[in-house]
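**Q** I am attaching a structure below and will ask some questions about it afterwards.
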Amino acid sequence: MRFKATLDDTGLRTFLATAQCFSKVCDECALHMSKESFQFRKVADAESDAMLFATLGMDAFTSYDIASKADSTISVLIKVGNLLRAFKSAEQSDKVVFKLTKRQGVPCFSIIAETLSGLSVTQDAPISTFLTVEGLYAYREPNLRKPDISLYSPDPKHVRMVLERMKLLDKFVTLTLTCKGTMQLQVATEIAVMRTKFQGLDSPVEGSGVGKASARLNVTEFIRAMQFGVVSEYDKVIFCIVSKEAMIIYVTFEDDMGTLTYYLPCPWEDDGV
Amino acid sequence: MAQQRSSGNTQQSEQTVRSAPAFRGTLGSAQVLYTTLRGISNGKKDQHATCELDAQGLQFVVTDKSLAAQGLANLSSKLFEVWDLCGNGSLRFRVNLTVLLQCLGILGKELTDTMLKLSYHDDEECFNLHLVEGRVVTECKIRTLFDELRADGPVEIDNDDHASMDDDDNDDDGDNDDGDDAVRRSLRAGARGARADFQADFRSAATVNRMVVKSAQLRDAFAELGELTGAATVAVLMSPKKPFFRLSADGQLASCSVDFPQGDESFSSMKCEEHMVRTYRASLLQLAGRALPFADKTFVRMNKHGTLGLQHLIQQSDGVKSYVEFYVLSDAGDASHLDQDHDNGEDEHGGLTHPYDDANSAGEQLASPADSDHGFEAPTEAADPSQASAFSSTHSIY
């Protein structure tokens, strides 16, 4: 098997941002590389039920070469921290090469970058395990029905700020989206009820669908998911609710380089407000 | 203006008002309320404030659990675009101040573009906030507690350094020359019957020393003292002679002393009658200085009992003024050992002294009656601690 790709500075930024988003929600994630895309995958684990999937298309790379017996796909488990560290050292470079190698018998990703001063630096990120097709199956995106409501998110910065305040009041927040283009976050305790409504939001989907939908979410998980706003240059952000199943945050990176999808499960009954 | 009762439809997303609110107020910018309230906040989850509303404005009062310090935040009703208070003209309730600040600050600390509507409904016993910034609307309903003739906060005494308060018989602190104990006992007794009125108690004794200081300088001084580990008390010196105004504290490993020398443009209108040095619990003094980062000027006063009064003037970028006052009772005990410069036995009447006359002496004060923008009016009646009236408009007139 072989894998070798190069990234220019914009591709590198996107790659780094993606790795950072993952580092905020997990220690280890799956990487699935194919001829069409480079994917990061995180599924529910002991610490959190949230799932995160990122897909970088060929536009993110200046060159890309992959070959394997498994239909030219390679899947691995890797500690995100290692990958992040390796790529961070290349942050200032114009060009980064990363490829699958073996160092002293240990398979790893080698990240080779040229520093501003002209030095060539190689960092290795060891791979935890290779995943078989069966192994990869555990890291698949959930199969959900079509969302009840989808809206373009308000400024993620504002959403995060509101959530941070609400976190001080209670562990859970109720998110409600309406087809009239409003998004409401509400937290309620014995002492106070706090409700913030964002209005005038557009919908990416034509047609009315259901009037509104609500999801009861863990505030901390929600805030962690919204961290993408801090680390990446995003283009569009869409919030969706699949009632009683999950809330989805769908982010597209700029220049069509890729997408990020968060799934925050919300199985509880919710009457909405 | 009566409104229709809601039909109890739980699917409604809008709150339906069931009866006319006892109070409605609108502020073009929530910034002034947010900043002023931060000046009395101690950051603790369970901090409650008594909110008192009357025609003059609103006042939030917090009393420290030790009953040795009280903070008041005042906003004049003139700052509000809408001020609508029904009933007998005054309203009073207790609310969790920390939750209130969390609600106000929901969209961040910059609230100049955030419009705020406040209301209070008797039947719901909730203090409601409605904040609008652009297309984002936040509504909060905070449950209030009834506060009529009850003390602010539980009447808990910290037995370690205010022991004299508990035991009338166990008077082991020797002669207390400033009547602190008497003050505290009366406050405590008053506290059981009504809200302890530190303002009134402060005025009940002559103000001996006063000066106006730049808040920024005082903040620096507090910061210096705050960094001293192990300093439980801070000594405040106010004198007609050098060093005029000094703050000092002894920590575990080091001590620190900050002087504000006369002639420095940092303070003006100093009028000190008598050389006084008193100590205060460092934690309470830091609380009293919470508003310093937001304030322009601070009026510092010490009365005959050694109680310290700090009145901070907070001014927003658009000129809107509000006030935060703090009264801190001095620690029982003799502080003269901290007073190195004082020459015992000499009569101190030098320097900038004026004939002391509470009613007549003029001088700079932060809120003169002529200034119609402020929240204080000239007092029209003696403040009575047992009165439940809101907003004791007690400004210090000299």
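**Q** Filter region B:75-105 down to residues that are over 24 Å from the mean Cα position of the chain (by Cα) and at pLDDT below 90, then give me how many there are.
**A** Total meeting the criteria: 3.
**Q** Of the conditions (1) in contact with a strand residue (DSSP E or B) (Cβ under 9 Å, 6 or more places away or on another chain); (2) surrounded by fewer than 13 Cβ atoms within 10 Å (Cβ to Cβ), A:Gly118 satisfies every one except a single condition; which number is it?
**A** Unmet condition: (1).
For every residue, the table says whether it meets (1) closer than 30 Å to B:Thr114 by Cα; (2) modelled with pLDDT under 60.
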{"residue": "B:Gln316", "(1), (2)": "yes, no"}
{"residue": "B:Ser322", "(1), (2)": "yes, no"}
{"residue": "B:Ala332", "(1), (2)": "no, no"}
{"residue": "B:His349", "(1), (2)": "no, yes"}
{"residue": "B:Leu352", "(1), (2)": "no, yes"}
{"residue": "B:Tyr356", "(1), (2)": "no, yes"}
{"residue": "B:Ala362", "(1), (2)": "no, yes"}
{"residue": "B:Ala367", "(1), (2)": "yes, yes"}
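**Q** Sort out which residues of region A:188-210 are facing chain B (nearest Cβ under 10 Å) and in contact (Cβ under 8 Å) with a residue 24 or more places away in the chain, and write them in order of number. Talk me through it step by step, then tell me what you get.
**A** The initial filter retains those residues of region A:188-210 that are facing chain B (nearest Cβ under 10 Å), namely A:188-201.
Within region A:188-210, A:Met194, A:Arg195, A:Thr196, A:Phe198, A:Leu201 qualify.
**Q** Let me ask another. Does A:Val237 satisfy being out of contact with any Leu (no Cβ under 8 Å at 6 or more places or on another chain) and outside the structural domain of A:Phe22 (by TED's automatic domain parsing)?
**A** Numbers: out of contact with any Leu (no Cβ under 8 Å at 6 or more places or on another chain): yes; outside the structural domain of A:Phe22 (by TED's automatic domain parsing): yes.
Yes, satisfied.
**Q** Still on this structure, please answer the following. For residues in region B:108-164 being of a type in the set (S, T, N, Q) and either out of contact with any helix residue (DSSP H, G or I) (no Cβ under 8 Å at 6 or more places or on another chain) or modelled with pLDDT of 85 or more (or both), which is farthest from A:Leu169 (Cα to Cα)? Break it down into steps so the answer makes sense when it comes.
**A** Within region B:108-164, the first condition is being of a type in the set (S, T, N, Q), and the residues that meet it are B:112, B:114, B:119, B:128, B:138, B:144, B:159, B:164.
From the residues that got through so far, the ones that are either out of contact with any helix residue (DSSP H, G or I) (no Cβ under 8 Å at 6 or more places or on another chain) or modelled with pLDDT of 85 or more (or both) too are B:112, B:114, B:119, B:128, B:138, B:144.
On the way: B:Thr112: 24, B:Thr114: 21, B:Ser119: 21, B:Asn128: 16, B:Thr138: 15, B:Thr144: 16 Å.
Top of the filtered list is B:Thr112.
**Q** Follow-up. Can you pull out every residue in region B:233-248 that is over 14 Å from B:Val328 (Cβ atoms) and either surrounded by 19 or more Cβ atoms within 10 Å (Cβ to Cβ) or not charged (D, E, K, R) (or both)?
**A** Listed by number, the residues that qualify are B:Leu237, B:Ser239, B:Pro240, B:Pro243, B:Phe244, B:Phe245, B:Arg246, B:Ser248.
**Q** Please count how many residues of region B:51-75 are part of a strand (DSSP E or B) and in contact with a Gly (Cβ under 9 Å, 6 or more places away or on another chain).
**A** Number satisfying all stated conditions: 13.
**Q** Conditions first: (1) farther than 30 Å from B:Leu116 by Cβ; (2) within 10 Å of chain B (Cβ to nearest Cβ). A:Glu233 passes all but one, so which condition is the exception?
**A** Of (1) farther than 30 Å from B:Leu116 by Cβ; (2) within 10 Å of chain B (Cβ to nearest Cβ), only one is false for A:Glu233: (2).
**Q** In this structure, is A:Thr176 within 14 Å of chain B (Cβ to nearest Cβ) and within 23 Å of the chain's Cα centre (by Cα)? Working first, answer last.
**A** Working: within 14 Å of chain B (Cβ to nearest Cβ): yes; within 23 Å of the chain's Cα centre (by Cα): yes.
Spelling it out, A:Thr176 is indeed within 14 Å of chain B (Cβ to nearest Cβ) and within 23 Å of the chain's Cα centre (by Cα).
The values are calculated or read from the model by the stated rules, or taken from the named source; none is laboratory data. Quantities reported herein were computed from a predicted structural model and do not represent experimental measurements. Note that each Cβ is placed from the backbone with ideal geometry, even for glycine, and that neighbours are counted across all protein chains shown.
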